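No value in this document is a laboratory result; all are computed from the given coordinates. Everything quoted here is computed from the prediction, not taken from an experiment. In this analysis, Cβ positions are derived from the backbone assuming ideal geometry, glycine residues included, and neighbour counts consider all displayed protein chains.
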Amino acid sequence: MPFNTLFSWWIGRRMDRINDFRNHPIANQERTLSFLLLEGANTVYGKSYDFESIDTYEQFKAKVPLSDYGSLKPYIDRAIEGECDLLWPGATKWFAKSSGTTADRIKILPITESSLLENHYAGGKDLLAQYYHNFEGRKLYNAKHLIVGGTGKIEQHSDGVFIGDLSAIIINNLPIWTELRRTPKKEIALLENWEEKLERMAASVCKENICIIAGVPSWTLLLLQKVLLHANAKTIKEVWPNLELYIHGGMSFAPYRSAFEQIIGSTAMNYVENYNASEGYFGLQDQKDCKDLLLLTNSEVFYEFIPLDSFDGLNSKTIISLQDVQVDTDYALVISTSSGLWRYIIGDTIRFTQTEPYRFVVSGRTAHYINAFGEKLIIEHADKALSETCKMHQVQIREYTVAPDFSQTGEVGAHHWLIEFEETPSDLAGFVTTLDNQLKKANADYDAKRKGNINIGRPLLTVATQGTFHKWLKHKGKLGGQHKVPRLQNDDVLLKEILSLP
């Protein structure tokens, strides 16, 4: 039997599991909570909060406090030193460095064998199974899969403990059937120097037969530009005629889509989103023509939700389970997982678009917003407005960030947009006008505060020189992989820092 036919049959068997996500979400979550509590009962953390006595979600919520990285860090630090049975049974051997977009501090998060196999790897297989189901007759196993991961530096501690980027952990532990199809070679994929890695990766893969690309949009786009140079081609489709799928996540794809469509040069390209963070794999796009993500309800993750309008960090009072969520409401996401994260506030916000089945969009970050004037601007609003504006002015962006500005003497404050374009718009004033109007459409609060220039003035725009954000990321030691430029800040500290670089 040909390899691709065998792979298609094997991966297709997962559709029963995916249909279970859709059809029995509440029962799945109940079983997941019971499983997590049973496994965690004899851990140091589980004994501290008497997991053995917990039978219901209400008891779980009453007995176990909300946590964040600061509250779990003492347990994680001890686990890194080799101590067992702290947050999850046994020894935890792998720890993933998070991208650190919320603050300068890098978080080091536990990755247990159970979470790696039954969550991260399982989610990736689920996505491919759904893709094969949506697009019959695929032959993805006949070609190579290009994985644009992060830094491959792995720090080894005593007792066989390893710390590194999540993508490096995943690549180092891939099953043989996946490793046979992955490119580039490990020696390149795991290079620590991101600039060297990009050059060597482009040179290595430009003559491969690539059918799938997976990676963060900003860094993937940079790699594709370098591939064109190495291949002396005008479009990626000339280089890889069998390319058909780009799997993306980690940031909104909307501002980058037109740039991808242009550089790839094929209307037959499929773009599929997933939600795979260092903390876990939570959702995947299961429909052909809709970007909303299906919540993975039986993947060793128990979900809770804090309405964003009542969010107060660890002091939040209103926390609900999946069965009580409403559509069109922004929630701060709380997770309990088989990696030993208990009632952990991940920092992302999501909004459900439907509940039968549970599908959602990632709407932003709890720490990334602008509400300096009562406008409640979140990342989703900014991405949507900027994407529409770029489309109308036929331009593409590389990166952007936004902050409030109070420097205009005698005038109300405004939003200051720092944008690095592929090519600067010919009519900057018109671009700002369009952006302002699109923000009004995306956000009713912004629209109300803009009336008469009483609360918020017209947006300010600074065009960043080529490479500005790359330089800032390098300065912060955050080149490549999952590292991202923070989009929205409620003060101007970061924006001034970027502008102050020589």
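For region 369-499, a simple Cβ point-charge model (Lys and Arg +1, Asp and Glu -1, everything else neutral) yields a dipole of about 260 debye relative to the Cα centre. Helices assigned as whole DSSP H runs in the chain whose Cα atoms extend at least 20 Å along their own long axis and whose mean Kyte-Doolittle hydropathy is 0.0 or higher are found at 25-40, 217-231, 428-442.
Cβ-Cβ distance of residue 261 and residue 172, R₀ of 41 Å, FRET efficiency by 1/(1 + (r/R0)^6): the value works out to about 0.75. Partner lysines whose Cα lies under 23 Å from the Cα of residue 288, excluding those fewer than 8 positions away in the same chain, are identified as 125, 139, 144, 237, 384, 391.
For residue 451, go through the lysines and keep the ones whose alpha-carbon is under 18 Å away, minus same-chain ones fewer than eight residues off. Correct list for residue 451: 376, 440, 441. Straight-line reach from residue 63: taking Cα to Cα under 21 Å and skipping same-chain neighbours fewer than 8 places apart, the lysines in range are 47, 73, 317.
Can you give the alpha-carbon Rg of region 304-450 over 2.2 N^0.38 Å, where N counts its residues? Intermediate results must be reported in sequence, preceding the final value.
Numbers: Rg = 17.8 Å, N = 147, 2.2 N^0.38 = 14.7 Å.
Its radius of gyration relative to the 2.2 N^0.38 Å reference: 1.21.
Each residue of region 331-347 was assigned a 3J(HN,Hα) from its phi angle through the Karplus expression (A = 6.51, B = -1.76, C = 1.60, θ = phi - 60°), giving 10, 6, 8, 10, 10, 10, 9, 6, 8, x, 8, 10, 6, 8, 7, 6, x Hz with x at Gly and Pro.
Would you compute the Debye intensity of region 369-499 from its alpha-carbon atoms alone, equal scatterers and no solvent, and pass along log10 I(q)/I(0) at q = 0.21, 0.23 Å⁻¹ to two decimals? Values returned for q = 0.21, 0.23 Å⁻¹ are -1.33, -1.53.
Fewest to most neighbouring Cβ within 10 Å: what's the order for 290, 211? Present the calculation step by step, with values, prior to reporting the outcome.
Details: 290 10, 211 21.
The fewest-first ordering by Cβ neighbours comes to 290, 211.
In sequence order, region 453-466 has phi-based couplings of 6, 7, 9, 10, x, 4, x, 9, 10, 10, 7, 6, 5, 4 Hz under the Karplus curve 6.51 cos²θ - 1.76 cosθ + 1.60, θ = phi - 60°, and Gly or Pro positions carry x.
Rounded, prolate or oblate: which fits region 282-387, taking a ≥ b ≥ c as square roots of the Cα gyration tensor eigenvalues, rounded meaning a/c under 1.5, else prolate when a/b beats b/c? Cα axes put region 282-387 in the oblate bin. Ranking 349, 194, 319 by how far each Cα lies toward the positive end of the dipole of the chain (charges on Cβ) leaves 194 at the top. Dipole magnitude for the chain: about 1160 debye, using +1 per Lys or Arg Cβ and -1 per Asp or Glu Cβ, origin at the Cα centre. Within region 360-414, report the GluC sites (Glu not before Pro) that DSSP leaves as loop and that have at most 12 other Cβ atoms within 10 Å. Sparse-neighbourhood loop GluC sites (Glu not before Pro): 411. Residues whose amide H lies under 5 Å from that of residue 399, counting only those 5 or more places away or on a different chain, are 420; hydrogens are built 1.01 Å from N in the peptide plane.
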